[in-house]
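Data first, discussion second: the structure below is written as structure tokens.
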Amino acid sequence: MTREKLIRQLIPQSVRDTSAYRVPEASGFIKLDAMENPYEWPRILKAELAERLANASLNRYPDPQATAIRPQLRQYMNIPDDLEILFGNGSDEIIALLTSNYIATGRSVCAPDPSFVMFRVIANQYHVPFIALPLNASFDIDIEAWESMLAENNPGLIFVPQPNNPTGNLFSKLRLEKIIRQSQALFVIDEAYTAFNDVDFLEWAKQFPNVVIMRTLSKIGLAGGRLGLLIGAPEWIREFEKIRLPYNINVLTQEAVRFYLEHAEVLKKQSSDIRNERTRMVSLLCTLGLSVWPSEANFVVVELEEGRARSIFNGLKGKGILVKCLDGSHPRLANALRLTVGQPHETDALVGALRDLIGR
Ligand SMILES: *Cc1c(COP(=O)(O)O)cnc(C)c1O
């Protein structure tokens, strides 16, 4: 028996036919493609962190409950005492846990379209039927379409990023509430970008029996640490805890999160700098005559002239600036680039490069 033959027998065709998730090589680039926090930590804090990590007990298994970071996160995120928290190795892992065959057995998973690609990718991996919910002309909930699709398909799980990625807008609260009240599905409101706007839906996790909230530390400065949160009524979280792998949050992450949250003022300041820089970036992009979509997140979408997105994306790359080209992800995003808000000097470089490339 050859290895090739064994692989054909044991690995399903559906897996063999796809490719692994890839991210572009980014060293040496101004990196504005992945919604990361662009700021470094002060040298002195880095030295302190190094000391803390050096003393972490890497020979021991991590605390499976990550007890030490819970009170800090409750405080940082204003999580009410009567809601519980489940931790994931990034929210990606929480999406996988919820989508896995254990939840909503036999029912489908939904997310808006366009939206975060991982909802669909993970559903496909678990062979869970995925239904894309269309958005209207302003990328808000298309209420009639959603009502009829939900009635027809009776999904078990619905992901709603609030604000949405990659469009940057918040969905109408009234429309979302209307859908939630009508549906027998669990709604996961994904607040990955909550640090960059003034709304949150934590109260809904108490108010509605079918709502839980997902958050992450990735966008505020710990993308490399991988910590996602699912926040919900104890009855929900208790069930999900049973299918979480016990040691999913490693010792170094727990220690680093603890340290970062002891210096929460640094994180808060960075998020607020990013918000201010978003405002400046939008106005600079507008001076180039570009169509800039309003954003409640740490990225901005610009729409270019018909058919130019790919070439401008490549032009930026040639100038050492990495952004996200949305062409190919959805018909209505064919002319769009998604630009993560970086540091001021990075914005200036980006705007200068764009000016050269579009000839203004
Ligand atoms: C970036 C992002 C996440 C974060 O994923 P992590 O695995 O926590 O890094 C989740 N949801 C949306 C909509 C995002 O854009």
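The values are calculated or read from the model by the stated rules, or taken from the named source; none is laboratory data. Here the structure is a predicted model, which is why all the values come from computation and not from measurement. Note: ideal-geometry Cβ built from the backbone for every residue, glycine included; neighbour counts use all protein chains shown. Ligands, DNA and RNA are stripped out before the accessible areas are found, and what is left, the full protein with its side chains, is counted by its heavy atoms. Shrake-Rupley method; radii C 1.70, N 1.55, O 1.52, S 1.80 Å.
Annotations
- Beta bridges by DSSP in segment 79-187, antiparallel share as percent, to the nearest 5: 10 percent
- Stokes-Einstein D in µm²/s, Kirkwood radius over Cα pairs - segment 1-147 at 37 °C with 0.692 mPa s viscosity: 160 µm²/s
- Accessible surface of segment 278-331, 1.4 Å probe: 51 percent of it comes from carbon and sulfur atoms.
- For segment 133-262, the orientation-averaged shadow of the C-alpha convex hull comes to 9.1 nm² (one quarter of the hull surface).
- Considering only Pro161, Pro331, Pro134, the mean-square fluctuation computed in a Gaussian network model of the chain, springs between alpha carbons under 10 angstrom, is largest for Pro331.
- Taking GluC sites (Glu not before Pro) as exposed when their DSSP state is a loop state and no more than 13 other Cβ atoms lie within 10 Å, the longest site-free interval of the chain runs over 41-202.
- Relative contact order for the chain, counting Cα pairs under 8 Å that sit 6 or more residues apart, in percent: 22 percent
- Choice from Ile30, Ile44, Ile11 showing the highest fluctuation, given a GNM over the chain with Cα pairs closer than 10 Å: Ile11
- Here's the list of lysines a cross-link from Lys268 could span, going by alpha-carbon distance under 21 Å and ignoring same-chain residues fewer than 8 apart: Lys46, Lys219.
- Linear extension gain, Lys268 paired with Arg355, 0.36 nm per residue minus alpha-carbon span: 28.1 nm
- A Cβ-based charge dipole, computed about the Cα centre of segment 150-217 with Lys and Arg at +1 and Asp and Glu at -1, lands at about 140 debye.
- Partners of Lys31 within straight-line reach, counting aspartates and glutamates whose Cα lies under 18 Å from its Cα and excluding those fewer than 8 residues away in the same chain: Glu40, Asp273, Glu277, Glu346, Asp348.
- From the Kirkwood radius over Cα pairs of segment 50-127, Stokes-Einstein at 37 °C and 0.692 mPa s returns a whole-number translational diffusion coefficient of 210 µm²/s.
- For segment 48-205, the share of accessible area belonging to carbon and sulfur comes to 49 percent (1.4 Å probe, ligands and nucleic acids excluded).
- Computed over segment 255-360, the quotient of the alpha carbon radius of gyration and 2.2 N^0.38 Å is 1.20.
- On a per residue basis, the chain carries 49 Å² of accessible surface, using protein heavy atoms and a 1.4 Å probe.
- Between Thr347, Thr167, Thr279, the GNM of the chain built on Cα springs shorter than 10 angstrom shows Thr279 fluctuating the most.
- Across the chain the C-alpha pair distances fall into 10 Å bins from zero in the proportions 5, 22, 31, 27, 14, 2, 0 percent.
- For a paramagnetic label modelled on Gln65 (point 7 Å from Cα along Cα→Cβ), amide N atoms under 14 Å away belong, within segment 76-107, to 84-87.
- Sites Gln13 and Lys206 - FRET efficiency at Förster radius 56 Å, r taken between beta-carbons, to 0.05: 0.80
- Rounded to 5, the percent of DSSP beta bridges in the chain classed as antiparallel: 50 percent
- Each Cα pair under 8 Å and six or more residues apart adds its sequence gap; the mean of these over the residue count of segment 70-160 is a relative contact order of 30 percent.
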